[in-house]
Every structure is written in structure tokens, then in C-alpha cells.
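A short reminder: the numbers here are calculations on the coordinates, not readings from a lab. Keep in mind that what you see is a predicted model, and the values were worked out from it rather than measured. Quick reminder, even Gly has a Cβ in these numbers, built from the backbone with ideal geometry, and neighbours come from all protein chains shown.
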Amino acid sequence: MERVDRCVVLVDAGYLLGAAASLLAGEPARSRITVDHAALIQGLRERAEADTERPLLRIYWFDGAPDRVPQPEHRRLRVMPRVTVRLGALTRSDGRWAQKGVDAAMHAELTELARNRACSDVVLVTGDGDLLPGLMSAKEHGVAVHLWAVQAADGDFNQSEDLVAEADERRVLDRAWISQAVRAKEFTVCAPPPAPRPEIAAILSAPLPESALASAERAAEEAEAARNGSDPAAAAASATEADRTPAGPKGVPTPKDLAALRGPGTQAPADRPPSSATLRWSSDRGWIERPAGALGEPSESASLPTLAQLTSAEQRWADREEDITTVGGDPYEVGQVFARRWMERLPDPAHVQKLSSMYPRIPHRIDGELLRYAARFGLLAHKDDQIDEHDRYAIRAGFWREIDVRAATQHTPAGD
């Protein structure tokens, strides 16, 4: 059987993206980076064809996924030309996620390609020494093996030295090359510029009521005084009281934090909110009465339709196609896409103004739908069914920015 002069690229996604995150963001968590998969695949293809001087047959993308169920990035990748996705399992042990079966799948694919003389050159983007037997087997079948490394953040190797020693050629994908398709997420700015809305983070800055803070501080002072006194019983009683009194929480207080200060079964003093009240989640500080009705949702927001209610089966198919092929998955962008679709399908444009007047509170049903949509793009922090706090701010900030643009357009007189 005559060997075909073409190249194949085998990518260990865990190595490539983890090393890229270490290089650009300072830690190997893939949640810390944003990847333009189309640009990355194109870059791999061009680099492989230039280095091997052979046309590309195919890029194999090996990655882990919970229960081997394709994640959004895998669905985007597997519809790209000349890309095949192979998934191993993603399991959790001792609080950490680990890939299972990825190395074995790469080894099997590498040896099968070499045995069948499907290519003359193989590019391996990996650092794991477990692939050494497969590399050596490919060489024995006459395949030239090119080993690519990602530039290490600390300047040292991030590959098995045995792999480096056995490879026919070795190249390093440096920071400049990686940065063409991968960038670190910026967590310092989580909201749009102040105009026309204040920053999301500033809105969530309402402190605890002064009476609650004073109560917590007074209990702590009494406990300290008792500890320094001579009465052990008084010290123990004061310490117990201080432990029962929640200290002012760090960051943003929630309704649950404030309700806990009253204690169960106690009558709220005049300066405390009634039990039927909830914290106003906006720049207006204070309390509001919880409205009657299902789930306590105000009637004005309950009348707003959800995106699912506005979307036909044909539109749902087109949305999924757009998500796979063009939506990059950046949190801010995800919020914008969701808001744009919702507004474009509204039968009554007045709904946009109604929602805009509720800023910054997104009605519960729509907010839940927005976050579920965002989760489809792999925005779950450490794949633990939780969206990172900064990502949630950015998702909602993108949503509100798109709403603002449409609301401003509706208010702009013709000819302006």
C-alpha cells in the first residue's frame, strides 16, 4: 500500500487550552480564557501545512466531557471542515476534574493512521508521556512525527521529556501565535460604561441597614469585653450571643442575609423590614412589599413573554445553528444575543420600554432563561453547574446594553 503524502493533526485540547490559560491568564483553568475556535483551527491547519509541507487530511480534536456528552464548543468544532471530535469522559475526584480515555483514544488513532498509511506526517499537540508508545509505533511505520508545545508560562518544559526526545521535529507555539485565537478573560470590568446605565457592580453595593450593623458590632464588643473580664460564665454567654449574631457580610447583602438578622420567630422592630418585604435589588436602597401572586412576581413583569414563548420551531433551529457557527460564547456577547432575539420577536414594542423601566432587575422567568442559555456555551465554572459570578455580571450587562440600545432607538424622533 502506497503512503499518501499528507498531514494529520492530533490535538489534546486539555493540554493545548490548559497551557494557553496558564500562559495568558496565569492559571490552567479553561474558564479563564475565551477561545475563537474557528481562528484556532485555521491557525493549526496553516501551521501544520507550512511545517510539514504537506496538505492537511484532517484535524482530530480530543477532549473530555461529562458523560461524553458534547459541550457547546464541541458542537461548534465538529461541524467545521476537516475537523473530527473525539470525546473521553470527564470525571471528578477529590474536588478536581480529570479526563479519562483521551490519551487512549489519541494512541489508538495515531497507531491506526500509521498502520493504514493514511498520512506521511503527524502533528501531535500534547504534553503527556502516556502517548510515547503510540509515537514510537508511528515512527516504526515510517510516519514523521512533529511534536508541538505551548510556550510554558514559567519558561520551563510543559511536555514529557521522553516525547521531546523521540519526536522527529519539535515546534513551540509562542504567546504571539496563541493570542491570535485565545485571550484571557478580563474580570475587572463586568459591566458596560456608566452611560446610559450605572455599572452593575455599583448597583449591587447597598449596605446592610445601620441598625443591623450596629447590633452585630455591639454583640462583638460585648463578647470581647466579657472575655477580658473575670466572669467565665458571662464570657461564654456573650460569645454565644456574638456567634448567633451575623456579622456584616462581605460584599453585597442578600435578602436572606438581612432576614437572618431578625432571627426566626421574632417580631421585627420598627426599624427593621416586615417579614413580607424583600430587598429592592436596584440602585434604590430600601425595602419593598413582596407582591401577591404566583412566586411573588409583579404583574407587570409576569406579562412579559419569555424567549421560548416567542420562538417558533424554525427559529429554534436557526438559533441553534447560529450558536454553533457564529456565537463565540463570550459572556457579554451571550447576553447581547439573547436580548436581541427576545426584542426582535416581541409582538408589542412597548414591552422593551416596560422591561427597561425595571432595570437592573431582570424578571425572574427571563433571567433564569438567560442563564440557562448561557450555560450552553460552557460558562459553567469548573463544570460544577455554577456560572462564575463575574460571568453572570457580564451576561446581564450585555443583556441590558442591548435593551438600552433598542429602547433609545424607539425614543429617537424620526430625522434625528
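Going through region 72-140, which trypsin sites (Lys or Arg not before Pro) have at most 14 other Cβ atoms within 10 Å and a DSSP loop state? Provide the component values of the computation, followed by the final result.
On the way: sites: R75, R76, R78, R82, R86, R92, R96, K100, R115, R117, K139; in loops: R82, R117.
Within region 72-140, the qualifying trypsin sites (Lys or Arg not before Pro) (loop, at most 14 other Cβ atoms within 10 Å) are R82, R117.
Could you order the peptides 8-17, 354-363, 334-343 from most to least packed, using the average number of other C-beta atoms within 10 Å per residue? Show your work: numbers first, answer last.
Numbers: 8-17: 24.6, 354-363: 17.7, 334-343: 22.7.
Sorting 8-17, 354-363, 334-343 by mean packing, highest first, produces 8-17, 334-343, 354-363.
Taking one quarter of the surface of the convex hull spanned by the alpha-carbon atoms of region 301-411 gives a direction-averaged projected area of 6.9 nm².
Quick one: if the Förster radius is 35 Å, what FRET efficiency do A184 and R75 give, using the C-beta to C-beta distance and rounding to 0.05? Walk me through the intermediate numbers first.
Working: r = 24 Å, r/R0 = 0.69.
In this case the efficiency is close to 0.90.
Modelled this way, with points 7 Å down the Cα-to-C-beta line, the labels at F157 and E112 are 3.0 nm from one another.
The distance from the alpha carbon centre of region 110-184 to that of region 31-71 is 13 Å, rounded to a whole number.
Over region 7-184, the reciprocal of the mean inverse Cα-Cα separation, the Kirkwood hydrodynamic radius, stands at 16.3 Å.
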